[in-house]
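I have placed the structure first, in the form of structure tokens, so that the comments after it can refer back to it.
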Amino acid sequence: MKIIMLGAPGAGKGTRASLMAEHYGIPHISTGDIFRANLKAGTDLGLEAKKYMDTGALVPDDLTVKILLDRVSQEDCQDGYVLDGFPRTINQAEVLEAELKKLNDKIDFAIDVDVSDDVIEARMSGRRVCVKCSATYHIEYAPTKVEGVCDKCDGETILRADDAPETVRQRLKVYHEQTQPLIDFYKERGILRMVSGSGSITDALAAVITILEQG
Ligand code: AP5
Ligand code: MG
Ligand code: ZN
């Protein structure tokens, strides 16, 4: 099963991707998490990506595509994966499609997590992420058992650098201009499925599974 999660920043792509990956036993691949892990490790890639991420812009396609294609060619991706935050431009989607075609393969579903921009701005200020394992929480909707400490690995949970309100607004603008056109791209291929991003987190996994099982 090869799945793409589409949706605006803060729609809940990561939250759902992580639940689905666990349910199906396949990797959850977030290009944003890969960039943040590189930044934390101080690699050249991380420092380069930071220049764009901090302003809410997209990291250039050539860099992003290479990272993603390397990742999906690894052994643990043989039985599928959930992509979260990739593709984000028509060009990225076309390259992914062409590369998979060479292997006689394709994406099974693109799931669009749909929420309005005003819900998003409110959600981002309450989000906390683990510095060690990238697990995502929300101070109100999905709190950690102990404040500031990750339930999964005891790492520290912090506000993300790009979750400042001005940066969130810029990320939403970039989303509408460059990423939203992917909804039609996957609709044309007959693999687009929509889920509401406004339902409760507890029901999120069941909602996605129902849609996928309907085919
Ligand atoms: P990335 O890390 O992908 O960020 P994003 O797309 O902006 O999305 P987020 O991670 O902010 O939101 P999400 O949809 O995962 O929501 P979440 O589940 O956390 O990318 C960051 C940057 O990296 C980009 O801006 C760009 O610079 C660069 N980049 C990455 N990929 C790239 C690419 N392919 N090309 C170019 N550049 C790239 O949920 C949000 C919050 O809401 C959480 O606190 C969660 O607990 C809560 N929540 C979720 N669902 C619900 C619900 N149903 N009810 C209540 N609360 C909820
Ligand atoms: Mg995310
Ligand atoms: Zn953790």
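The values are calculated or read from the model by the stated rules, or taken from the named source; none is laboratory data. This structure is a prediction, so every number in the text was calculated from the model and none was measured. Quick reminder, even Gly has a Cβ in these numbers, built from the backbone with ideal geometry, and neighbours come from all protein chains shown. Quick note on the areas: whole protein, heavy atoms, side chains included, nothing else; ligands and nucleic acids left out. Shrake-Rupley method; radii C 1.70, N 1.55, O 1.52, S 1.80 Å.
Within the stretch 25-51, residues that are over 15 Å from Gly85 (Cβ atoms) and more than 16 Å from ligand 3 (Cβ to nearest atom) sit with their Cβ atoms under 9 Å from residues that are assigned to a strand (DSSP E or B) and open to solvent by less than 60 Å² (accessible area, probe 1.4 Å), at 6+ positions apart or across chains, in these pairs: Ile26/Lys2; Ile26/Ile3; Ile26/Tyr81; Ile26/Val82.
Only one entry in Gly56, Gly12 is crowded, with 18+ Cβ neighbours inside 10 Å and within 11 Å of ligand 2 (Cβ to nearest atom), namely Gly12.
Scanning the stretch 37-66 for residues that are near ligand 1 (Cβ under 8 Å from one of its atoms) and of a type in the set (Asp, Glu) yields a total of 1. Scanning the stretch 159-203 for residues that are at pLDDT below 95 and in a loop (DSSP other than H, G, I, E, B) gives Leu159, Arg160, Ala164, Gly197, Ser198, Gly199, Ser200.
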